[in-house]
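Chemist: I am attaching a structure below and will ask some questions about it afterwards.
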Amino acid sequence: MGYAGGEQSAGSRIIEETFAAAGAYVMGRRMFDGGEIPWGDTPPFRAPVFVVTHRERDVVQRQGGTSFTFVSDVGQAVEMARDAAGDKDVAVADGGTLLRQVLAAGLLEQLELHIAPVLLGDGMRLFDASLGLDTSEGIELTPVRVIESPEITHIRYTIGPRTKLELDDRGSGRT
């Protein structure tokens, strides 16, 4: 990605592929605030970024084609990103809070998880009640790519629509 250091691996190839496929990004304000100074004048995105926030700010222009536009509504941010991306992908570059909002709104088509073999004692759940699913609903994730290594497993899913669950008694022992 133009930065010194690191090594080439399956993970670095996936990151390069993700950045190459994205024509625009949506991220939350916390990610922007945490990256604004470290990213400097040439952030890695090289495309328009739409930051979901309730704090207004003028558009921030950076080198390499990156601009940060601040938008208060997640649906509007995704729509603006789709317009800006043209034929390319819109990437949601953030943590669980924004991802859950985009998923709950039905605006996410694919989900790529990068799973490291580490258990943490605490942290934010990726999927929780904020998705707005009741106990009789589900969203089906269909794996379309799995790349594994001892360090990390990358799984890409397509996301199905919200559907009513049809429960049966398989495995209950009843005949």
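The values are calculated or read from the model by the stated rules, or taken from the named source; none is laboratory data. Since the model is a prediction, treat every value here as computed from it, not as a measurement. We place every Cβ from the backbone using ideal geometry, glycine too, and count neighbours over all the protein chains shown.
Chemist: Residues being polar (S, T, N, Q), under 18 Å from Glu109 (Cα atoms) and more than 17 Å from the chain's Cα centre (by Cα): count how many of those fall in the range 137-167.
Modeler: Of the residues in that region, 1 qualify.
Chemist: If a residue counts only when it is among the small types (Gly, Ala, Ser) and closer than 30 Å to Thr163 by Cα, which strands (runs of 3 or more DSSP E) contained entirely in the range 14-113 have at least 2 such residues?
Modeler: 22-28
Chemist: In the set Leu133, Leu98, Leu111, Leu120, which member is surrounded by 12 or more Cβ atoms within 10 Å (Cβ to Cβ), among the hydrophobic types (A, V, I, L, M, F, W, C) and at pLDDT below 85?
Modeler: The unique qualifying residue is Leu133.
Chemist: Which pairs do you get when a residue that is over 15 Å from Val144 (Cβ atoms), found in the range 97-120, comes within reach of a residue that is small (Gly, Ala, Ser) and in a strand (DSSP E or B), reach meaning Cβ atoms under 6 angstrom, with the pair 6+ apart or on two chains?
Modeler: That search, which allows pairs on different chains as well, returns Leu98/Gly28.
Chemist: Give me the residue from the range 19-51 that is β-branched (Val, Ile, Thr) and surrounded by 15 or more Cβ atoms within 10 Å (Cβ to Cβ) and, out of that set, farthest from Ala85 (Cα to Cα).
Modeler: Top of the filtered list is Val51.
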